[in-house]
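Just below is one structure, and these are the notes that go with it.
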Amino acid sequence: MAGEVTKIIDQKTLWGGGRSPFSVSYGKMMMWFFLISDALTFGGLLASLGFMKHKYVDVWPVSEQIFTHFPFTHAHLPLLYVAFMTFILIVSSVTMVLAVEAGHRKDRKNVTFWLFLTVIGGAIFLGSQAWEWSTFIAGPDGMISTWADNATLTQNFYGRGFTADNPILAPVQYSQFFFFVTGFHGTHVLSGVVINLIILIGVMQGKYEKVGHYEMVEKVGLYWHFIDLVWVFVFTFYYLV
Amino acid sequence: MKRDDIIEYSLGAEHSEEAGKAIRKKIWFVTAILSVVTVLEVLLGVYWTSMGLEWWVVKFAFIGLTVLKAGYIVMVFMHLGDERKMFKYFILLPYAVFILYLLYLLFTEAVFLSEVLT
């Protein structure tokens, strides 16, 4: 009665331990799976942004005409602040990869140092985003400024076809997408900062020295780089294109 | 609780001091590339009209530079370049196929709708 079910298969073929599939550890592979599902969400959001942009191609605002504000100055500086935010996030990604590298050498002092800088970078980014949101809502001079100075949820004077004789308002989707896409990304940054902080405390307590490796830093590192990666796309498809 | 039936750590992820030096050098090199590309993008975004470029050229330049940046982040910072070849395909291909198909559908419909609207 010996069929396929009772046939003896050697342990190696069955993955009976010894080495993991793709030579990737369980935790890292699951992090990649999670990141793919998250990337599909962001991909869907940005694709629908592209849909709206092409649907309202004549009236869709030009972002470089809207995002011209910079803190502590009234100068007209298009895209400079968002470039600064991008740079901050890239730098925090670099400090994270340096923390991972130090983890591979089991250098606890350096892991702490670079992970700490990563947390600081994330916090600066969140603060910048708060400033940008409030500026976008209220204008650079606060509530008393004229509403035409900025884009709001209901009014938007920056459509491509806008002139004084032809006052077409841009579709409200422009600001809705702004708040939803940057807000969803900002939530990821917030959770990333919190997770990094938890891991940083673990590193400082010597938790990973006891375990024998710093793979946890690598796993949160993957998440943090993913946040940077998403921002690179948001920067292009919301602010530039 | 320590479990010995799960292999927690990827094989060969640890490296020595000398190997670390080379890796750090690569990290700073990629940092320089990412920064330069970002600066280029901003300059292009602000000055493309005065440079007399066509919008579609600028647009595809932006998309190309973004994909370049994304490639460096995924392959070097996320270490996907160091993983097995099959793992790379396994992560990237299903995603790319799905998103490209979605983009194809959405842009086809969007162009149609904008023609109907005007």
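Taking the number of Cβ atoms within 10 Å of each Cβ as an exposure proxy, the fewest-first ranking of B:Phe77, B:Phe107, A:Phe33 is A:Phe33, B:Phe107, B:Phe77. Classify region A:193-241 as rounded, prolate or oblate, taking a ≥ b ≥ c as the square roots of the eigenvalues of its Cα gyration tensor: rounded when a/c is under 1.5, otherwise prolate if a/b is larger than b/c and oblate if not. Prolate, since a/c reaches 1.5 and a/b exceeds b/c. Distance between the C-alpha centres of region B:52-101 and region A:24-68: 13 Å, rounded to the whole angstrom.
Over 22 Å apart at the Cα level, from the set A:Lys28/B:Lys25; B:Lys59/B:Lys85; A:Lys210/B:Lys21; A:Lys106/A:Lys210, are A:Lys28/B:Lys25; B:Lys59/B:Lys85; A:Lys210/B:Lys21. Highest mean packing first, where packing is the average number of other Cβ atoms within 10 Å per residue, the peptides A:218-227, A:75-84 line up as A:218-227, A:75-84.
Please compute the length gained on full extension between A:Val172 and A:Phe184, using 0.36 nm multiplied by the number of residues separating them and subtracting their Cα-Cα distance.
Result: 2.5 nm gained on full extension.
Using the Cβ-Cβ distance between B:Val39 and A:Ile120 with R0 set to 25 Å, the FRET efficiency works out to roughly 0.65.
Working from label points 7 Å from Cα in the Cα-to-Cβ sense, the B:Tyr101 to B:Ser50 distance is 4.7 nm. Under 1.5 on a/c is rounded, so check that first for region B:12-108, then, if it is not, pick prolate when a/b is larger than b/c and oblate when it is not; a ≥ b ≥ c are the square roots of the alpha carbon gyration tensor eigenvalues. Taking the square roots of the gyration eigenvalues as a ≥ b ≥ c, region B:12-108 is oblate.
Rule-based calculations on the coordinates, nothing more; no lab input. All values derive from a computational prediction rather than experimental measurement. Because the Cβ atoms are built from the backbone with ideal geometry, glycine has one as well, and the counts that use them run over all protein chains shown.
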